[in-house]
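The values are calculated or read from the model by the stated rules, or taken from the named source; none is laboratory data. In this text the structure is predicted, and so the values were computed from the model without any measurement. Cβ: placed from backbone, ideal geometry, glycine included. Neighbour counts: every protein chain shown.
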Amino acid sequence: METIDLLIVGGGPAGLAAAIYGARANLKTVVIEKGVPGGKLLNTHKIDNYPGFKGLSGTDLAIKFINHAKFLGALIEGDEVLKIDDIEKDYKTVILASNKKYRTKAIILATGMNPKKIPLKEYDIYFGHGISTCIVCDGAFYKNKDIAVIGGGTSASEESLFASNIVGNIYIINLFDKLDVVDSVRNSIEKTKNIHLKYNSELIKINGDGKKIFSITIKNTKTKKTEDIKVSGVFSYIGWIPASGFLKDIGVLNKNKFITINFKTGSTGIKGIFAAGDIATKEYHQVSGAVSDGTNAALSAKKYIDTL
């Protein structure tokens, strides 16, 4: 079992920022990411509000973070954390899906969030071949075809704008009577001819043959009328849930399954265990905020490690 200084769970903006600061502080730093490093950045085609990088794609920004962390000596491993043991001891044990174990002085939890599932039985049938949670990733498969986008927030709207130059018609199915976005995005949506807004509408069925999607059925929540819309793909942006399942037994989760932290230090209340990014209870979920959280947690971890 290898002994290290700092183990970071999650390779999104918070985790990578923590890795940069941990490695720069001369801590032996390992990042464990079960998916592709970059987190939700990989689902974002364009970022206009990260200081110094106007108009950069999410993927390009993620690559900059990854390369910076690696340049400073952080190790990024593709694996999954299954369990954390010895939480009350100075050295915690982290058990991975590959059966590998790490002995570490400090842990930063930066696991982020996962997309919510559409609460329909068809979701599991068509996910991966008709249903997706990432237009940036999968939009090209629907070139000149019609798609439905479920949701009315920033992600649904911005990704619809991105797809408008790739696909045929886009039907945004929004449960509410307006989009929950800034005015500039709303104006762009309303000016885009192949984007069609379905307000006060609920997705009630996804129709297909088990292999391909042919259409969706929606219901207007005010008139109760139903409507079938022919689409080849469905993209879901209905919200997020914390990626915290493996943490249920160590006493860091609140009733909503997020982690409540001390915002001065990023501490979870357990010595040597910190949290950063979207997994931590917070009002706003922004890349700049995640980077700040990761920085704070790494500096606090260094200060803690120096006391051992």
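Determine whether the range 21-32 contains at least one residue that is within 24 Å of TRP240 (Cα to Cα), assigned by the TED database to the domain that holds SER98 and either of a type in the set (A, V, I, L, M, F, W, C) or surrounded by fewer than 24 Cβ atoms within 10 Å (Cβ to Cβ) (or both).
For the range 21-32, residues within 24 Å of TRP240 (Cα to Cα), assigned by the TED database to the domain that holds SER98 and either of a type in the set (A, V, I, L, M, F, W, C) or surrounded by fewer than 24 Cβ atoms within 10 Å (Cβ to Cβ) (or both): present.
Restricting the search to the range 210-255, which residues are aliphatic (A, V, I, L, M) and under 28 Å from PHE141 (Cβ atoms)?
The answer is ILE213, ILE216, ILE218, ILE229, VAL231, VAL234, ILE238, ILE241, ALA243.
Scan the range 105-149 for residues that are closer than 27 Å to ASP180 by Cα and either hydroxyl-bearing (Ser, Thr, Tyr) or assigned to a helix (DSSP H, G or I) (or both) and jot them down.
Passing the criteria: THR111, GLU122, TYR123, SER132, THR133, ILE135, VAL136, CYS137, ASP138, GLY139, ALA140, TYR142.
Tell me whether the range 151-168 contains one or more residues that are surrounded by 18 or more Cβ atoms within 10 Å (Cβ to Cβ), under 23 Å from the mean Cα position of the chain (by Cα), of a type in the set (Val, Ile, Thr) and not assigned by the TED database to the domain that holds ASP60.
Scanning the range 151-168, I find no residue that is surrounded by 18 or more Cβ atoms within 10 Å (Cβ to Cβ), under 23 Å from the mean Cα position of the chain (by Cα), of a type in the set (Val, Ile, Thr) and not assigned by the TED database to the domain that holds ASP60, so the answer is no.
Which is within 18 Å of VAL291 (Cα to Cα), among the β-branched types (Val, Ile, Thr) and outside any helix (DSSP H, G or I), of VAL94, VAL31?
VAL31
Please enumerate the residues belonging to the range 150-201 that are part of a loop (DSSP other than H, G, I, E, B), within 19 Å of THR217 (Cα to Cα) and of a type in the set (D, E, K, R).
ASP177
Would it be correct to say that LYS230 is under 17 Å from VAL149 (Cβ atoms), surrounded by fewer than 16 Cβ atoms within 10 Å (Cβ to Cβ) and in contact with a Ser or Thr (Cβ under 6 Å, 6 or more places away or on another chain)?
In short, yes.
When both residues are 6+ apart or on different chains and their Cβ atoms are under 6 Å apart, which pairs have a first residue that lies in the range 283-308 and is assigned by the TED database to the domain that holds TYR21 and closer than 17 Å to ILE107 by Cα, and a second that is of a type in the set (A, V, I, L, M, F, W, C) and surrounded by fewer than 21 Cβ atoms within 10 Å (Cβ to Cβ)?
The qualifying pairs are LYS302/ALA25.
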